[in-house]
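Each remark here refers to the structure printed beneath this line.
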Amino acid sequence: MSNDISLFEQAMAAADYIRTRTVLTPSIGIVLGSGLGAFADRVTDGVAIPFTQIPYFPPPTVPGHGGRLVIGRIDGVAVAVMQGRVHAYEGYSSEQVTFPTRVLGLLGIKTLIATNAAGGIREGMKQGELVLISDHINFTGRNPVIGENDERFGTRFFDMSEAYSKRLRTLAIETAKNSRMDLAEGIYICVLGPSFETPAEIRAFRTMGADLVGMSTVQEVIAARQMGIEVLGISCVTNLAAGLQDEPLGHEEVIETGRRVAAQFSTLLARLIPAIEKEVGRQ
Ligand code: HPA
């Protein structure tokens, strides 16, 4: 990222550009993980902006990540949907990985729904299951706020004791129940990747209290929390973690499972969005 202007000014430039493409002010931002991009098709009155058209936006390099920002409505609620994201393992810095989150924050979102594909660590987890993230372990050694802090994003030392909003988790569990879906909760540990874990690492992570493992989300959630954005996280268990299934792990399986549960996942999200809008609007 160029050092000529500050990160904040770059994010403002990106937000200003996006505002030239839509009159909507999104209240909820949604990041769609590997294989889960189809939800964006449910957006109505939408404009789809390729990441490459947005100033300073980092373009994704991974198959399964569409690379478009779709702004429109779900059930009347104005949303900004990231169809695809970038990861640290693509060679991007934490600042770049969280750049889109910063921009969505400047556009005015109050809530971020971060979704991802994850490996299931906890015993009994099933391939294709959706799990609400109750908390995370940042095992990347990185943090998007490292360095000189720009107070326009928020303070340097901020609370992470309820990174994943309790009231939104309660709402998500209720919404799933009303749709006759199971929605367990779990702790997500974030690794850098891109190699999958070894069985020894997975045993260590389980001892540390992790239920899910993945390569995204945590940096975005940290940046969102600094900006005061309320977060909901949902993982799709695309595979059992290393050592827990017979076959070797591969990216194709991750995408395949994501696509298989995409309809169920999309239905849950579509029901959650108006429920969140009502809950957040009520405060
Ligand atoms: N490990 C790390 N990241 C992942 C996995 C996994 O098993 N599955 C999907 N993303």
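What area, in nm² and to one decimal, does the C-alpha convex hull of the range 7-281 cast on average over all directions? Before the final figure, lay out the partial values.
Values: hull surface 52.5 nm².
With every direction weighted equally, the projected area is 13.1 nm².
How much net charge surrounds G105 when only the other residues with a Cβ under 12 Å from the Cβ of G105 are counted, with Lys and Arg +1 and Asp and Glu -1?
Local net charge: +2.
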**Request:** Kindly write out, for the range 133-148 in residue order, the coupling ³J(HN,Hα) from the Karplus curve 6.51 cos²θ - 1.76 cosθ + 1.60 (θ = phi - 60°), rounded to whole Hz, with x marking Gly and Pro.
**Result:** 7, 8, 6, 9, 10, 8, 9, 9, x, 10, 7, x, 9, 4, x, 4
**Fill in**
Ranking L192, L107 from most to least accessible area with a 1.4 Å probe gives L192, L107
**Message:** Cut-off under 21 Å on the C-alpha distance; same-chain residues fewer than 8 positions from K278 excluded. Which lysines are left, in chain and number order?
**Reply:** K110, K166, K177
**Message:** Can you compute the helix-only [θ] at 222 nm over the chain? Use -39500 (n - 2.57) per DSSP H run of at least 4 residues, normalise by all residues, nearest 500 deg cm²/dmol.
**Reply:** -9500 deg cm²/dmol
**Message:** Can you give the local net charge around V221? Use residues other than it whose beta-carbon is closer than 14 angstrom to its beta-carbon, Lys and Arg +1, Asp and Glu -1.
**Reply:** 0
**Asked** Residues with amide H under 5 Å of S134's amide H, sequence separation 5 or more or different chain, H placed in the peptide plane at 1.01 Å from N; which?
**Response** G186, I187, Y188
**Prompt:** Leaving out ligands, DNA and RNA but keeping every protein chain, what accessible area does Y89 have, in Å² rounded to the nearest 10, with a 1.4 Å probe?
**Reply:** 60
**Prompt:** What order, most packed first, do the peptides 143-149, 207-213 have when packing is the mean number of other Cβ atoms within 10 Å of each residue?
**Reply:** 207-213, 143-149
**Item:** With all protein chains modelled, accessible area of M227 [1.4 Å, Å²]
**Value:** 40
**Asked** Among Q219, G186, M208, which residue has its Cα positioned farthest towards the positive end of the charge dipole of the range 141-239, with +1 placed on the Cβ of Lys and Arg, -1 on the Cβ of Asp and Glu, and the dipole taken about the Cα centre?
**Response** G186
**Asked** What share of the DSSP beta bridges in the chain is antiparallel, in percent to the nearest 5?
**Response** 35
**Prompt:** Gap in Å between the Cα centre of the range 98-158 and the Cα centre of the range 16-83?
**Reply:** 17
**Request:** Could you tell me what percent of the accessible area of the range 7-281 is made up of carbon and sulfur, with a 1.4 Å probe and every protein chain present?
**Result:** 50
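The values are calculated or read from the model by the stated rules, or taken from the named source; none is laboratory data. Keep in mind the model is a prediction, meaning the values are calculated, not measured. Using ideal geometry, Cβ is built from the backbone for each residue, glycine included, and neighbour counts are taken over all protein chains shown. Note: areas computed on protein heavy atoms with side chains; ligands, DNA, RNA excluded. Shrake-Rupley method; radii C 1.70, N 1.55, O 1.52, S 1.80 Å.
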